[in-house]
Structures are given as structure tokens and as C-alpha cells.
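Here's the structure, in C-alpha cells; my notes come after.
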Amino acid sequence: MATRKYAIVTGVLALAALFLVAGCSGDPMSTREKGTLGGAGIGAATGAIIGAAVGAPLAGAAIGTAVGGVGGFAVGNAMQNNENANAQTQAQVQSQQQQLEEQRQQIQQLKGQQETE
């Protein structure tokens, strides 16, 4: 029984270390990473509370961390995909606006040429 608790504690600490290392990579965290980390944190806290109520706070925290991390990843991934799609749409809009401006300038040049002829 004690060996199992140590295995759970080791797993939780390893997962926490993994998130810590990922968070310290130097690059800003993506929405997907923020969602995963937030979900894992909320899941760990919720799992520990529920686990404490049934006498197994470490197991609850470990299970909560895993479930929360998966759920957080799913939500963060969907948000990241939306951000990427919005950025792509914005880039297309800017490109079209630039093309319109170039066409306006060409029209003005043509009008100027017609007036001088």
C-alpha cells in the first residue's frame, strides 16, 4: 500500500516537473499549452479534494491531473485552432485591402493619363 502511494506521488511530481519545464522553455505559452496547464491544475485540485473525501487524496490528485490535463488540452486546442483561423482570415483581409488600394492608385493614374491626352 505504501509503495502504491509513493508511485502515485512520484507520478504527480513527474507530471508537475514536466509542466514546469515546459513553462520555462523561454517561449510564451500557446493557448493550447495554457489550456492544458490550467486544466491539469484545476483537475489536480479538484481530484485532491474529492480524493480526500474518500481517503485517497494523492490518487484523486493524480487522476484529476490527468483528466483535467486532457480536458484542458481539448479546450485549449479548440481555442488555438480558432485563433489560427482568425489570424489567417485577417491576413487575407489585409491582402485584399492592399490589392484594392493598388487598384485605386492604378485607376487614378489612368484617369490622369486620359486627362493629359
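At-a-glance table
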| quantity | calculated |
| --- | --- |
| Residue identified as modelled with pLDDT of 85 or more, out of contact with any Lys or Arg (no Cβ under 6 Å at 6 or more places or on another chain) and assigned to a helix (DSSP H, G or I) among G39, G11 | G39 |
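For (1) surrounded by 13 or more Cβ atoms within 10 Å (Cβ to Cβ); (2) touching a residue at least 40 places away in the same chain (Cβ under 8 Å); (3) out of contact with any Leu (no Cβ under 6 Å at 6 or more places or on another chain), each residue gets a yes or a no:
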| site | (1), (2), (3) |
| --- | --- |
| G41 | yes, no, yes |
| A48 | yes, no, yes |
| G55 | no, no, yes |
| G76 | yes, yes, yes |
| A87 | no, no, yes |
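The values are calculated or read from the model by the stated rules, or taken from the named source; none is laboratory data. Since this is a predicted model, take the numbers as computed values, not measurements. FYI the Cβ positions are ideal-geometry reconstructions off the backbone, even for glycines, and counts take in every protein chain you see.
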